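Report on one structure; see the data block that follows.
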Amino acid sequence: MLKRGYPMGDFERRAADVSVDHPTVVEHYRAAQAIAARDERGEADTEELRKAVVHYRVLFDEMLDVREAKQMAAHA
């Protein structure tokens, strides 16, 4: 995410920044982060971790698609 221009410090600020550029996937990001926080406390089970990966994948797929679309537009 840092390479995409999102500072890695404060989660809430990062989520707010993501919501501006990717409003349709910010809830996936928040859900994945909540699961990651539960996992750090030893409270997440394997199924929840699987769901976190799915949530993160939606976010990263969106970020990559946006970058590719901008690159294609620049070359047109």
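The values are calculated or read from the model by the stated rules, or taken from the named source; none is laboratory data. Note that this is a predicted model, so its numbers are computed, not measured. Cβ atoms come from the backbone with ideal geometry, glycine included; neighbour counts cover every protein chain shown.
Within the bounds of the stretch 18-29, is there any residue that is charged (D, E, K, R), in contact with a helix residue (DSSP H, G or I) (Cβ under 7 Å, 6 or more places away or on another chain) and at pLDDT 90 or above? Taking every residue of the stretch 18-29 in turn, none turns out to be charged (D, E, K, R), in contact with a helix residue (DSSP H, G or I) (Cβ under 7 Å, 6 or more places away or on another chain) and at pLDDT 90 or above. Does the stretch 12-52 hold any residues that are in contact (Cβ under 8 Å) with a residue 24 or more places away in the chain and among the small types (Gly, Ala, Ser), and which are they? Listed by number, the residues that qualify are Ala31, Ala32. How many residues does the stretch 13-25 hold that are part of a helix (DSSP H, G or I) and surrounded by 10 or more Cβ atoms within 10 Å (Cβ to Cβ)? Of the residues in that region, 8 qualify. Taken together, the residues in the stretch 37-66 that are under 22 Å from Arg4 (Cα atoms), surrounded by 12 or more Cβ atoms within 10 Å (Cβ to Cβ) and more than 12 Å from the chain's Cα centre (by Cα) amount to 1.
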